[in-house]
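> Provided herewith is a single structure, encoded as structure tokens, for subsequent inquiry.
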Ligand SMILES: [Zn+2]
Ligand SMILES: [Zn+2]
């Protein structure tokens with residue numbers, strides 16, 4: 001857990017991260033031992049791609065815009081699609 005807090009290993013599968021496979025997920029606020037801390041989770045590329053596909057499936061099931069056949073995908077769906085293409089397995 002300590003290595004994940006410091007962004008050294010992937011938050012999802014604990015793979016060791018290098019500058020080449022690390023994807024920053026942005027700062028997160030958390031509580032640890034009663035203190036508020038900010039941490040900077042990072043994940044490896046393959047986990048980001050899997051997470052994007054999973055999120056896209058969840059999103060599409062709940063989004064009226066994405067379910068409509070004549071509407072273009074909404075911004076959220078577009079962003080998730082871009083993530084998936086950007087970080088192929
Ligand atoms: Zn990973
Ligand atoms: Zn949508």
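The values are calculated or read from the model by the stated rules, or taken from the named source; none is laboratory data. What you are looking at is a predicted structure, and each value in this text was computed from that prediction instead of being measured. Positions of Cβ are backbone-derived with ideal geometry, glycine not excepted, and every protein chain shown enters the neighbour counts.
> Can you pull out every residue in region 31-69 that is in contact with a strand residue (DSSP E or B) (Cβ under 9 Å, 6 or more places away or on another chain) and away from ligand 1 (no atom under 16 Å from the Cβ)? Write out each step before concluding.
Going residue by residue through region 31-69, those that are in contact with a strand residue (DSSP E or B) (Cβ under 9 Å, 6 or more places away or on another chain) are 31-32, 36-45, 47-48, 51.
Selection gives 31, 32, 36, 37, 38, 39.
> While we're here: Could you grab me the full set of residues in region 35-59 that are in contact with a helix residue (DSSP H, G or I) (Cβ under 8 Å, 6 or more places away or on another chain) and at pLDDT 95 or above?
59, the sole residue that qualifies.
> While we're looking at this one, here's another question. State which residue is nearest to ligand 2 (Cβ to nearest atom) when the search covers only region 1-45 and only residues that are buried (at least 17 other Cβ atoms within 10 Å of the Cβ) and assigned to a helix (DSSP H, G or I).
Result: 45.
> If you go through region 46-80 one residue at a time, how many are more than 26 Å from residue 8 (Cα to Cα), within 11 Å of ligand 2 (Cβ to nearest atom) and part of a helix (DSSP H, G or I)? So that I can check it myself, show each step before the final result.
As a first pass, look at region 46-80 and keep what is more than 26 Å from residue 8 (Cα to Cα): 56-78.
Still in the running and within 11 Å of ligand 2 (Cβ to nearest atom): 56, 58-68, 71-78.
Imposing the further condition that a residue be part of a helix (DSSP H, G or I) reduces the set to 56, 58-62, 64-67, 75-78.
Result for region 46-80: 14.
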